[in-house]
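Heads up: the structure comes next, in structure tokens.
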Amino acid sequence: MSADVAINNLSASDQPVADVWSRRDAKYRRRALMLMAINIVLFGGLCCVTFWLRTGTGFAPASEDYWSVFSATFNPTTRTQYTPLSLGLAPISIVDVPMMIVVLGLILAALIAIPIVVSILYRIWWATPFLVSVAFLAVMPWLSITLVASCLIASVRPFRVRSRYASALMSLIPIVIYMFMASRQASGAVERLANPSDLVKLQSMLSLALVAAAVVMGIVLTIARLVNYRPGAIAPLMAILFVSPAVIFEFQVGRDELHYRLLEQEYGPGSQYMVSQDIQQMLEPIIEAKLANPENKRSYAWIRDQLTWRIGLEMDPEANATWAKYQDKAALDADRFVHLFPDSRYATAALYIKGRALDMRPDLTQLESEARLSFHDDFPSERSRVAWEKIVHNAPKTPQSVAARLQLARLEMRKGGVDEAIRRLRHAIEHGSRLIASKTSAEDDRPLMGREPPEASLEIPLPRKVLEARILLTLLENNRDPIYGNEPIQEFAHYDPLGLRYAENLTRILKQFPNCQLADNLRLEIARATVDREKRLSAIRQCTLAADSSDALPEALYLLGEAYQAEQNTEPAVNAYDRVIRAFPDSVWREFAEDRLRELNLGGSEAN
């Protein structure tokens, strides 16, 4: 009898162990459940890190717009598609920060590999918590759906094969298809990448994710086989995959990178408030709703004009608090970033975003004439002064400092500080010209894994800033008034060229300071602000009749040529440009005239 029991026990022990549940002892079951719980927690944390790297929010369901964002991921036309490729493009682009290739590659490898090996070693139903985490914590539901197919291939008959390694590799086929489709969906963003090496970086991130996922699955399956499928093969690898990207991100990238990119995304050049918007398209549904109201007695045109006017007021920071609240939030968030990361390489860039946001104002003339809302930052607010001064003090040799000096010069003009404005403009021209000269080959010399300079994504138009500084410097140096002093310039600096009633205000200055040194410049600005095309051309032509001693004459001639060129009247346009080049060789407007002549294919003969 005892021999039969021994034989039965021996035969039972010789049976192959298929997975961790094949061991029926209570201690193995408890250990398996405990380690599975640890794996789920670690994997959930990794999914939270994935969402945090996109939004700055650690726990996705805590977001106010969580369900709207989640549902938007199923809309192929939206920009909220959280795919592996889009994860590498924003908010921290692997193009700007190549070390993110490693971070994101390892994270994606873990998101892919762990559910698959769980389905192999623990059976497919135990992969459900991991798939749910990918869908709802990482907010990547399409990847989760793809992983369902991968888990089925890896662990369910008739898809699985005898070799677990072969099953694991075959399970990556849906992932490869998914990544290919995701790449196609994000092709618009990829096409904007100028450098061919940037495409290599994107491809290397996806390749690293796939290779690392295959390696992780191979290591886990090998360990499981060595320990005869006892529980515990996944937990060590899970811990390593959780810690490694976090450590690399913290020490090689930095949290300040993420927080700055989110700040830039919200308030930088590409933010929703800083782009041109078609007001007519925005207003059409509102107008139709009002017309459908039986109590309405107003016409379509009256409702449209009233709504346009109201929007203009709401976007005017001096007339309504809506735009001012946005500016206050931008300034507060930028200050918070500088406070949290005072030594960050992005501290000066954050100050630039703050200053630019506070200076941003709508182009009300375009809103009134074209029903299109766009913004400009050429008319600074006094509220931005502190930000610009900090930039000049902390980073005097950066592109941000050139823009800061130009804005400070404009602010000094309003106070009557013409000498200080001239000093700042000269420094802006000097530093800006030096930066332009040194920038020609800087991008080509950047190593493959090098990081972009902090200001690279701010889209600072450095050549234009230098030209604006030169134009303004010429205006100040040539209009020292022997009678009125700096008062005409000070009064002139108080009005936004793109604001309403700009021409009326300049006409008032002409009456307030008759025959002032600035009079010719004021008349030209009034002519430029004239809406009617024929009247504008006539007014500009009148300004060109001034004596050659007028410092406004070169600009007037250039604007006259520009007006003729717009009407395709080539000969008088060429004559106007040619006069600028010949009569005013030292003027900044000569460069503009030469560029226009090149456009007309006459640059060589006329400019010599």
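Computed from the coordinates by the stated procedures, all read-outs in this text should not be read as laboratory data. Note that the structure is a prediction, hence the values are computed from the model and not measured. Note that each Cβ is placed from the backbone with ideal geometry, even for glycine, and that neighbours are counted across all protein chains shown.
For the pairs K415/K439; K354/K415; K354/K397; K325/K535; K390/K465; K354/K465, note any where the Cα-Cα span goes beyond 29 Å. Those over the limit are K415/K439; K325/K535.
Counting other Cβ atoms within 10 Å as a rough exposure proxy, the listed residues R298, R356 run R298, R356 from fewest neighbours to most. In terms of other Cβ atoms within 10 Å, H259, H376, H339 run from fewest to most in the order H339, H376, H259.
Across the stretch 412-418, rounded Karplus estimates of 3J(HN,Hα) from the backbone phi angles (6.51 cos²θ - 1.76 cosθ + 1.60, θ = phi - 60°) give 5, 4, 5, 8, x, x, 5 Hz, Gly and Pro being marked x.
Based on the convex hull around the alpha carbon atoms, the stretch 20-253 presents an average projected area of 12.8 nm².
The 3J(HN,Hα) values that the Karplus relation (6.51, -1.76, 1.60; θ = phi - 60°) gives for the stretch 500-517 are, in residue order, 6, 6, 5, 5, 4, 5, 5, 4, 5, 5, 4, 6, 6, 10, x, 6, 6, 4 Hz. Gly and Pro appear as x.
Once backbone amide H atoms are built at 1.01 Å from N, M140 has A135 as its partners under 5 Å, excluding neighbours fewer than 5 places away on the same chain.
Amide H to amide H, with H built 1.01 Å from N, F375 comes under 5 Å of D363, counting only residues 5 or more places away or on other chains. Taking the Cα centre of the stretch 423-556 as origin and assigning +1 to Lys and Arg Cβ atoms and -1 to Asp and Glu Cβ atoms, the resulting dipole is close to 140 debye.
With neighbour counts taken as other beta-carbon atoms within 10 Å, the residues R162, R225 rank, fewest first, as R162, R225.
With only Lys, Arg, Asp and Glu charged, each at its Cβ (+1 for the first two, -1 for the last two), find how big the charge dipole of the stretch 486-607 is about the Cα centre; round to the nearest 20 debye.
Once rounded to the nearest 20, the dipole reads 360 debye.
3J(HN,Hα) along the stretch 576-583, derived from phi through the Karplus expression 6.51 cos²θ - 1.76 cosθ + 1.60 where θ = phi - 60°, amounts to 5, 4, 5, 5, 4, 5, 7, 8 Hz, with x in place of Gly and Pro.
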